[in-house]
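A quick write-up on the structure given underneath.
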Amino acid sequence: MDNKEVLTAEDVQALQPLYSAVIAAIKEVYDPEIPVNVYDLGLIYELTINKEHEVSILMTFTAPNCPMADQVLAEVKQGVEAVPGVTKCTIDLTFEPQWDRSMLSEEARIELGMDYEEDDYSKLND
């Protein structure tokens with residue numbers, strides 16, 4: 001997939017429903033150890049779709065030695081490729097930058113019972 005392909009405003013508008021459907025598919029894949037989907041965990045660093053409807057994903061894991069990495073990658077790929085209109089899905093794995101709790105979505109923080117203020121208070125007590 002050519003990630004340097006320039007999309008027009010019309011291309012972007014036309015791809016928006018597909019983009020939303022791909023995100024919905026990714027949100028169906030849950031981390032096996034944390035009851036939150038991989039999208040809301042902040043594991044998806046980049047998501048692009050080109051004019052040929054090929055999806056490219058750059059993602060990470062909460063830890064480099066995740067024992068379920070292969071399964072999660074396969075589930076993301078299968079879920080995205082099952083979205084009507086998607087012609088291909090490629091996933092690249094990275095650990096730069098390293099994942100941390102600040103990457104959690106608000107939904108994930110609520111699901112995990114975390115509060116933004118918790119992080120702020122811990123900084124104040126250092």
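The values are calculated or read from the model by the stated rules, or taken from the named source; none is laboratory data. Please read all numbers here as calculations on a predicted model, not as lab measurements. Backbone-built Cβ (ideal geometry, glycine too); neighbour counts: all protein chains shown.
What residue, of 21, 25, 74, is closer than 22 Å to residue 112 by Cα, modelled with pLDDT of 95 or more and in a helix (DSSP H, G or I)? Break it down stepwise before answering.
Values: 21 fails: closer than 22 Å to residue 112 by Cα; 74 fails: closer than 22 Å to residue 112 by Cα.
Result of the check over 21, 25, 74: 25.
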**Request:** Starting from residues that are surrounded by 14 or more Cβ atoms within 10 Å (Cβ to Cβ) and of a type in the set (A, V, I, L, M), keep the ones in the stretch 101-113 and report whichever is modelled with the lowest pLDDT.
**Result:** 112
**Item:** Selected residue (criterion: nearest to residue 17 (Cα to Cα)) from residues of the stretch 52-68 that are among the hydrophobic types (A, V, I, L, M, F, W, C) and surrounded by 15 or more Cβ atoms within 10 Å (Cβ to Cβ)
**Value:** 55
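Residue-by-condition table, conditions (1) free of Cβ contacts under 8 Å to residues at least 24 places away in the same chain; (2) touching a Cys at 6+ places or on another chain (Cβ under 8 Å); (3) farther than 15 Å from residue 81 by Cα:
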| position | (1), (2), (3) |
| --- | --- |
| 10 | yes, no, yes |
| 14 | yes, no, yes |
| 21 | no, no, no |
| 29 | no, no, no |
| 35 | no, no, yes |
| 44 | yes, no, yes |
| 49 | no, no, no |
| 54 | no, yes, no |
**Prompt:** Residue check, residue 31 against (1) in contact with a strand residue (DSSP E or B) (Cβ under 8 Å, 6 or more places away or on another chain); (2) modelled with pLDDT under 95; (3) surrounded by fewer than 16 Cβ atoms within 10 Å (Cβ to Cβ); (4) not hydroxyl-bearing (Ser, Thr, Tyr), all met but one. Which one?
**Reply:** (3)
